[in-house]
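Undergrad: Input: one structure, supplied below.
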Amino acid sequence: MDNIQSAFKNKNANIGYIVAGYPSVEHTIEFIDNLDKSVIDLLEIGIPYSDPIADGKVILDAGLEAIENGVNTDTVFEILEKRTSKKPIVFLVYYNLIYAYGLSNFIQRSKKCGIQGFIIPDMPYEESEEMFKLCKKNDLSLIPLISVTSEHRAKKLLTRSSGFIYAIGAIGVTGGEQTPLNRLKHMVGDLKKMSDLPVAVGFGIRTNEDINITREYADGAIVGTSLVELCGKFRGEYLLEEVKELFN
Amino acid sequence: MNTKAYFGKFGGQFIPETAMFALEELEEAYKIIGQSKQFKEELNELLKEYVGRPTPLYHAKRLSEYYGHEIYFKREDLNHTGAHKLNNALAQTLLAKKMGKKKVIAETGAGQHGVATATAAALLGLECDVYMGEVDAKRQELNLFRMELLGAKVVVIKEGLRTLKEATTAAIQGWVNEIESVFYVIGSVVGPYPYPLMVRNFQRVIGDEAKKQLATKNIKADYVIACVGGGSNAIGIFTAFLDDESVELRGVEAGGLGVDTPYNAATLTKGRAGIIHGMKTIVLQDKYGKILPVHSISAGLDYPGVGPEHAHLFDIKRVKYEAVSDDECIKALKLTTKLEGIIPAIESSHALAYLDKLCPKLKNGKKNIVVNISGRGDKDMDSVRNYKKGTIYG
């Protein structure tokens, strides 16, 4: 099984987020090659973008550095086309990058290199119809982001959702302060009642302690900012060890 | 697709899910509070007594003589705080107050929207944060000081090109961070629905007044010209004339060092459809969708996108958009100052520079041309004094 659901099978999923091409293309290739040996069950790959409105400083800077290094959508596809790891990978991508590439072209090429779904932070339900239809046709997941501020929209959002539910753990950009736990738990509980999809929490989860707390009430913890920081400092076996400690 | 959010193919709501409830809340408040008789009366009273409306429609006699056509200025520079920006900032801040918000935030390029929002917040007793790029903060230092004097906190952005694009991205991030308690006062007809529609409606007072004033003088406008960055002053004056096809509308973009160089902000001239800052519009971008750096001597026009309604008007060819260079803009600023004793803002000087391109081509007698003087040039004196042809600004 190499689909998204396998990451959640019988256990709480460790979900990581990296910025493709940060700190270099070689680092990213190495990280993906090592994925099967790592504790990560599902990887989100961010395609670097010039104006990411949902990203905090760490991820924003990493993306800008990757762009400075010449990384673009084709570079990211080329990295993934060579991968050997079997773990599920999804894209976290801003809509303009998909739009510029052409929706059909982007989806076809994503599928060809084994991407299993998309998280699009600036594409709310109201703008998702075309993408949803194309994803459905190609058997790819469109993973919804749901926040405590948009819980009243969940029922509608879930009609176009698959893969897993990305519950936003912080009101604000990535790396921000986590929403009060009671409010978050309440939301995740409600989402689980509304859908059979696993619910993973991301945004505001930085430490091993945060991850362990999240495991108590959600099906997965998503770590972005801290993992991007680790990618900037370590590589190879050392990075695997750091990641293991983070999720342990 | 939420069709009401679109102007033709452009517009929409491309914003994080976290912020969608705030757009729903705003749409509702604009519909219920913003359309109420009480709100409109209160706003009109403020526009009259505080902002100083109506602004005059001035016949620029010496410039008319110079060009051989009748030139009229819509004097938005005579608004309190020196630009059209206060019409919209005051209206949005009043709406925010009536919605029970305690704080407003804004982004600014030239500083005029920041000053307008800080002014409205001071008047109405709200907290105010203004996001400004570091380059703009430097070239508009006086406006930064004015904002601080008015009690606003200026958040200086040091990422990327450190101009309006980065300030807008940071303001959206700041808005999402405090989404449940703050109101984002967007300064142009940009961003996700309902902002482009709401700002257009708050700015249409410019064109409505101009149309009435022309009628009073028994003049029929042949051309209406305005500068376009995000495009609020332009939409503000164009809206009243859109239905009258006999009036030709011209939007003037910032050509920077020239549209054949990479150093410009001529979005409609050089861009293509894409998504930026919550809207689908025409954007300066590379083939992969990376937003391109922009360059203009004008901090207020230094933006890689444009309001979605402008993209639509461009698409259906109702408005013609052209670009003028930094150099042409400065020449027009100096000419207007010398002939009329009016120092226009660098932004407005782009609209004035277009007279040089348009007037020599006009045949069949004198034409009546209305130019929107969107702001006054006091803030730009350092930029004008230090201007050197060929310098990359922004």
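The values are calculated or read from the model by the stated rules, or taken from the named source; none is laboratory data. Keep in mind that this is a model prediction, so the values were computed, not measured. In this analysis, Cβ positions are derived from the backbone assuming ideal geometry, glycine residues included, and neighbour counts consider all displayed protein chains. Side chains included, ligands, DNA and RNA excluded: accessible areas come from the protein's heavy atoms. Shrake-Rupley method; radii C 1.70, N 1.55, O 1.52, S 1.80 Å.
Undergrad: Give the number of residues within the stretch B:261-284 that are in contact (Cβ under 8 Å) with a residue 40 or more places away in the chain and assigned to a loop (DSSP other than H, G, I, E, B).
TA: Qualifying residue count, the stretch B:261-284: 5.
Undergrad: Cβ-Cβ distance below 6 Å, separation of 6 or more or different chains: which pairs start in the stretch A:22-37 with a residue that is modelled with pLDDT of 95 or more and end on one that is open to solvent by less than 60 Å² (accessible area, probe 1.4 Å) and of a type in the set (Val, Ile, Thr)?
TA: Matching pairs, first to second residue: A:28/A:79; A:29/A:79.
Undergrad: Might you check whether a residue that is within 14 Å of another protein chain (Cβ to nearest Cβ), open to solvent by 90 Å² or more (accessible area, probe 1.4 Å) and within 23 Å of residue A:129 (Cα to Cα) occurs anywhere in the stretch B:4-13?
TA: So far as the stretch B:4-13 goes, yes, one or more of its residues are within 14 Å of another protein chain (Cβ to nearest Cβ), open to solvent by 90 Å² or more (accessible area, probe 1.4 Å) and within 23 Å of residue A:129 (Cα to Cα).
Undergrad: Taking the stretch B:285-297 only, how many residues are in contact with a strand residue (DSSP E or B) (Cβ under 9 Å, 6 or more places away or on another chain), open to solvent by 10 Å² or more (accessible area, probe 1.4 Å) and assigned to a loop (DSSP other than H, G, I, E, B)?
TA: Residues flagged as in contact with a strand residue (DSSP E or B) (Cβ under 9 Å, 6 or more places away or on another chain), open to solvent by 10 Å² or more (accessible area, probe 1.4 Å) and assigned to a loop (DSSP other than H, G, I, E, B) within the stretch B:285-297 amount to 2.
Undergrad: Can you tell me which residue among B:235, B:186, B:225, B:219 is part of a strand (DSSP E or B) and either hydrophobic (A, V, I, L, M, F, W, C) or open to solvent by less than 10 Å² (accessible area, probe 1.4 Å) (or both)?
TA: B:225
Undergrad: Would you pick out the residues in the stretch B:165-183 that are closer than 18 Å to residue A:49 by Cα and either open to solvent by 10 Å² or more (accessible area, probe 1.4 Å) or within 9 Å of chain A (Cβ to nearest Cβ) (or both)?
TA: Selection gives B:165, B:166, B:168, B:169, B:170, B:172, B:173.
Undergrad: Now for a separate question. Could we say that residue B:358 is at pLDDT 95 or above, assigned to a helix (DSSP H, G or I), in contact with a Leu (Cβ under 8 Å, 6 or more places away or on another chain) and under 23 Å from residue B:223 (Cβ atoms) here?
TA: Spelling it out, it is not the case that residue B:358 is at pLDDT 95 or above, assigned to a helix (DSSP H, G or I), in contact with a Leu (Cβ under 8 Å, 6 or more places away or on another chain) and under 23 Å from residue B:223 (Cβ atoms).
Undergrad: Let me spell it out: the conditions are (1) of a type in the set (Asp, Glu); (2) within 30 Å of residue B:356 (Cα to Cα); (3) open to solvent by less than 40 Å² (accessible area, probe 1.4 Å), and residue B:107 meets all of them except one. Which number is the exception?
TA: Evaluating residue B:107 over (1) of a type in the set (Asp, Glu); (2) within 30 Å of residue B:356 (Cα to Cα); (3) open to solvent by less than 40 Å² (accessible area, probe 1.4 Å) leaves (2) as the failure.
Undergrad: Go through the stretch B:270-292 and count every residue that is within 9 Å of chain A (Cβ to nearest Cβ) and under 28 Å from residue B:380 (Cβ atoms).
TA: Looking only at that region, the number is 5.
Undergrad: (1) buried (at least 24 other Cβ atoms within 10 Å of the Cβ); (2) under 23 Å from residue A:240 (Cα atoms); (3) within 13 Å of chain B (Cβ to nearest Cβ): which one isn't true of residue A:46, the others all being true?
TA: (3)
Undergrad: I'd like to verify a number: residues in the stretch B:1-34 that are more than 23 Å from the chain's Cα centre (by Cα) and not in a helix (DSSP H, G or I), how many?
TA: Count: 4.
Undergrad: Go through (1) in contact (Cβ under 8 Å) with a residue 24 or more places away in the chain; (2) assigned to a helix (DSSP H, G or I); (3) within 14 Å of chain B (Cβ to nearest Cβ) one by one and return the number of the condition residue A:104 breaks.
TA: With (1) in contact (Cβ under 8 Å) with a residue 24 or more places away in the chain; (2) assigned to a helix (DSSP H, G or I); (3) within 14 Å of chain B (Cβ to nearest Cβ) applied to residue A:104, the lone miss is (3).
Undergrad: Ok, one more. Could you count how many residues in the stretch A:79-101 are open to solvent by less than 10 Å² (accessible area, probe 1.4 Å), of a type in the set (A, V, I, L, M, F, W, C) and not in a helix (DSSP H, G or I)?
TA: Counting residues in the stretch A:79-101 that are open to solvent by less than 10 Å² (accessible area, probe 1.4 Å), of a type in the set (A, V, I, L, M, F, W, C) and not in a helix (DSSP H, G or I) gives 4.
Undergrad: Any chance you could count how many residues in the stretch B:250-267 are crowded, with 24+ Cβ neighbours inside 10 Å and among the aliphatic types (A, V, I, L, M)?
TA: Residues in the stretch B:250-267 being crowded, with 24+ Cβ neighbours inside 10 Å and among the aliphatic types (A, V, I, L, M): 4 in total.
Undergrad: Continuing with this model, one more query. Can you tell me which of (1) within 13 Å of another protein chain (Cβ to nearest Cβ); (2) in contact (Cβ under 8 Å) with a residue 12 or more places away in the chain is the one residue A:180 doesn't meet?
TA: That leaves (2) as the condition not met.
Undergrad: Tally time: how many residues in the stretch B:129-164 are assigned to a loop (DSSP other than H, G, I, E, B), open to solvent by less than 40 Å² (accessible area, probe 1.4 Å) and at pLDDT 90 or above?
TA: The total comes to 1.
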